[in-house]
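Just so it is clear, none of the values below were taken in a lab; they were calculated from the coordinates. This structure is a prediction, so every number in the text was calculated from the model and none was measured. All Cβ positions, even for glycine, are placed from backbone atoms using ideal geometry, and neighbour counts span all protein chains on display.
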Amino acid sequence: MWLVVIDAQTLENPAAASVPNPQPVRRWTPGSCVWCGSAESIEVFRNEPRCEVCREHETVIDEARKFMGMYGLRPIGGTLQSDDDEEREWRVNARDARAALNQIRLPEPPDPALIRKSMRPKAARIVTAFEAESAPARKAPARPRTASSAPAPAPTAAVAPAKKLDVAALEERVTGLLDQLTKVDTQIGLAEAAQGLAARARLNDLNSQKATILRTLAALEKARRSAGE
């Protein structure tokens, strides 16, 4: 014989004994923050769409990293052991910011290719416009010719396929430069946390590379605008 024990709370509220429904899994959608999925106050940060909360936490960590590098202190992370109160405050703030970011992080990071695609809607519109121009035009119904009618104008030639290929090559070049810019930004963050003259020289070189990439992207954007006109 089985003995079933039911407490008073279960008798009063049978629904309390049921298993609660799991929370829906948060997923990234184009235009939202790539870290937490929020769609509020989105701006480009490190070549990615990030919300205001994430940007503030990342800025706190960056400032703490710069402080440690400026005075030749141990990089942030690990223990909070510090030489003075100011250093400890920077370390505590960076630790809290990192913990907050980890708490709101998406379960699955979005695909970098999808992120780049969502950040270039204008380029997609240019490609669509060229595809529309390259499509064969519909023929108008033939009209009976009269003696006074002027000669029919020559049919407009279709846009050469090479023009479409140029736009595709331009898109591929932009994608490669964005990938390169992301890698350079990552290396800049590591160089800022390093110490010594070699690290400073490396940082100057990386900043020069970043400036070159940005100038090239600006030139390509100008070319895309000209192609879209």
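Which FRET efficiency, nearest 0.05, do Ala219 and Glu43 yield, Cβ-Cβ r, R0 22 Å?
The formula returns an efficiency of 0.40 here.
If you split all Cα-Cα distances of segment 26-110 into 5 Å bins from zero, what percentages do you get per bin, shortest first?
Spelled out bin by bin, segment 26-110 gives 3, 16, 22, 20, 14, 12, 9, 4, 1 percent.
Treat the count of other C-beta atoms within 10 Å as a stand-in for reagent exposure and order Glu87, Glu43 from fewest to most.
Result, fewest neighbours first: Glu43, Glu87.
Calculate, in nm to one decimal, what Asp96 and Asn207 gain on full extension: separation in residues at 0.36 nm each, minus their alpha carbon distance.
37.1 nm
Based on the Cβ-Cβ distance of Lys117 and Glu63, what FRET efficiency does E = 1/(1 + (r/R0)^6) give at R0 = 35 Å, to the nearest 0.05?
Calculated value: 0.65.
Would you mind computing, in nm to one decimal, how far apart the modelled labels at Arg105 and Val25 are, each placed 7 Å from Cα along Cα→Cβ?
Between Arg105 and Val25, the label points sit 1.7 nm apart.
With 10 angstrom as the radius, rank Lys183, Lys117 by how many other C-beta atoms surround their C-beta, starting from the fewest.
Exposure proxy ranking, most exposed first: Lys183, Lys117.
Using mean Cβ contacts within 10 Å as the protection proxy, how do 73-86, 28-41 order, highest first?
Final packing ranking: 28-41, 73-86.
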